[in-house]
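The values are calculated or read from the model by the stated rules, or taken from the named source; none is laboratory data. As the structure is a computational prediction, the values presented were derived from the model and not from experiment. Here the Cβ positions follow ideal geometry from the backbone for every residue, glycine too, while neighbour counts run over all protein chains shown. In case anyone asks, the SASA skips ligands and DNA or RNA and just uses the protein heavy atoms, side chains included. Shrake-Rupley method; radii C 1.70, N 1.55, O 1.52, S 1.80 Å.
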Amino acid sequence: MTKNVLITGGAGFIGRYLSDLYLSKGFNVFILDNLSTGNIQNINYLKTKYIKNKNRLRFVRSNVENYKFLRREIKKSSLVIHLAAAVGVKTILNKPIQSMKSNLRATEKVLESCKFFKKPIFFASTSEVYGKSNKSSFVEDDDVTYGCSKKIRWSYATSKLLDEFMVLSYFNEYKLPVVVGRLFNTVGKHQSSNYGMVIPRFFSQALNNKDITVHGTGKQSRTFTDVEEVCECIYLLMNNKKSYGEVVNIGGKKDIMILNLANKIVKLTKSKSKIKIIPYNQAYSSIYEDMNFRNPSTKKLNKLIKKTPKLNIDQILKKIISS
Ligand code: UDP
């Protein structure tokens with residue numbers, strides 16, 4: 001029998017690739033997305049790609065909080081992937097109340113419905129939950145340290161961490177099959193530059209020969225992860241019952257300093273752009289605080305699925321720019 005997967009936030013950047021993957025594996029895919037940051041082009045692309053199987057893809061524009069509707073759809077699903085959430089530092093800083101509400105309310109509603117129908121759920125968390133740790137490699141059981149509540153950036157980490165607490169409590173109290181994946185800077189082709197993410201922004205600036213806006217000192221680093229590899233990990237984790245009740249890092253191999261990233265993108269695009277260093281308080285505001293490092297330990301991921309994301313930053317950037 002064909003299996004059904006419900007993907008909340010499925011019209012977003014990760015959703016596009018994940019829906020594609022599940023369709024390619026023969027699933028019926030149902031996407032629930034309010035298109036607040038998702039993009040109808042992603043749905044149109046999937047409809048065209050799977051034209052012969054177009055009945056296997058359904059999309060409804062709606063908030064996840066539409067409870068009656070959500071329950072009806074979860075009842076029909078074999079599993080749920082909960083991606084819907086506030087996207088990008090820019091969104092968090094500009095619309096903190098809406099971001100917190102959507103992170104917390106949507107997750108609660110999805111969990112309640114999954115519990116009612118006993119459906120496995122993947123919760124997309126973020127490396128942001130590690131906060132300001134200066135450890136060279138983040139392990140899932142590490143302690144976390146955040147800035148004060150005036151620095152609104154931490155509201156995102158806090159709301160995602162609270163979501164994680166909720167998800168894990170549904171596992172502990174109700175034996176609901178849950179997996180929490182902490183995603184490390186997922187990137188790839190078709191990622192929008194509208195929400196502040198560094199790689200699409202640098203590409204857009206470089207291709208238009210505009211200044212490359214490096215924030216802070218540029219010495220802060222991130223570990224970027226190819227979106228297709230991330231989706232493969234999510235798929236494999238959900239196929240393995242040993243993942244249930246676990247928090248798992250999903251991230252690439254090696255971090256890179258943002259200044260070095262800027263230089264790589266200028267070189268790769270043969271751009272005339274100059275690097276411009278912009279202090280954080282000009283780039284965002286005084287309520288912003290950055291973290292210096294973000295590098296995952298992928299030991300646990302490897303133990304569970306015998307695989308980890310392999311592409312390095314050069315391979316990822318080349319993939320983004322390829323036609
Ligand atoms: N960043 C930058 N210039 C930009 C956008 C972002 O230097 O135009 C920096 C940002 O300050 C952070 C890093 O790049 O240190 C990654 O930012 P992004 O918003 O992509 O992800 P996150 O901070 O959530 O890891």
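Calculated mean residue ellipticity, 222 nm, the chain: -12500 deg cm²/dmol, from DSSP H runs (n ≥ 4) at -39500 (n - 2.57) each, averaged per residue and rounded to 500.
Evaluating 6.51 cos²θ - 1.76 cosθ + 1.60 at θ = phi - 60° for every residue in the range 214-221, the Karplus couplings come out as 8, 8, x, 8, x, 8, 5, 10 Hz, glycine and proline recorded as x.
Ordered by 1.4 Å accessible area with all protein chains kept, Asp163, Asp314, Asp143, Asp290 run largest first as Asp143, Asp314, Asp290, Asp163.
Remark on Ile212: its backbone amide H falls under 5 Å from those of Lys274, Ile275, Lys276, a criterion applied only to residues 5 or more positions apart or on other chains, H modelled at 1.01 Å from N.
Among Leu311, Leu183, the order of accessible area from largest down is Leu311, Leu183, computed with a 1.4 Å probe on protein heavy atoms. As a calculated quantity, the FRET efficiency between Arg71 and Met166 at R0 = 22 Å, using C-beta atoms, amounts to about 0.80. Scanning residues 5 or more positions from Thr126 or on other chains, those with amide H under 5 Å from its amide H are Leu183, with H placed 1.01 Å from N in the peptide plane.
Quick one: which of Lys54/Lys310; Lys90/Lys276; Lys3/Lys75 span more than 21 angstrom between C-alpha atoms? Over 21 Å apart, Cα to Cα: Lys54/Lys310. Probing with 1.4 Å while keeping every protein chain in the model, the per residue accessible area of the range 114-212 equals 45 Å².
Our coupling estimate for the range 311-323, obtained by passing each phi through the Karplus curve with A = 6.51, B = -1.76, C = 1.60 and θ = phi - 60°, is 5, 8, 4, 5, 5, 5, 5, 5, 5, 5, 8, 5, 7 Hz, Gly and Pro reported as x. Each Cα pair under 8 Å and six or more residues apart adds its sequence gap; the mean of these over the residue count of the chain is a relative contact order of 18 percent. Extending 7 Å from Cα along the Cβ direction at Asn312 and again at Lys253 yields two label points whose distance is 0.6 nm.
Of the whole protein surface, Arg294 contributes about 10 Å² of accessible area at a 1.4 Å probe radius. Leaving ligands, DNA and RNA out of it, report the carbon-plus-sulfur percent of the accessible area of the range 139-250 at a 1.4 Å probe. Solvent-exposed carbon and sulfur of the range 139-250 make up 51 percent of the total. Accessible area ranking (1.4 Å probe, heavy atoms, ligands and nucleic acids excluded), largest first, for Ile51, Ile121: Ile51, Ile121.
What you get for the chain, charging only the Cβ of Lys and Arg (+1) and of Asp and Glu (-1), is a dipole of about 960 debye around the Cα centre. Phi-derived couplings, Karplus 6.51 cos²θ - 1.76 cosθ + 1.60 at θ = phi - 60°, listed residue by residue for the range 233-246: 5, 4, 4, 5, 4, 6, 8, 10, 4, 5, 7, 4, x, 9 Hz, with x used for Gly and Pro.
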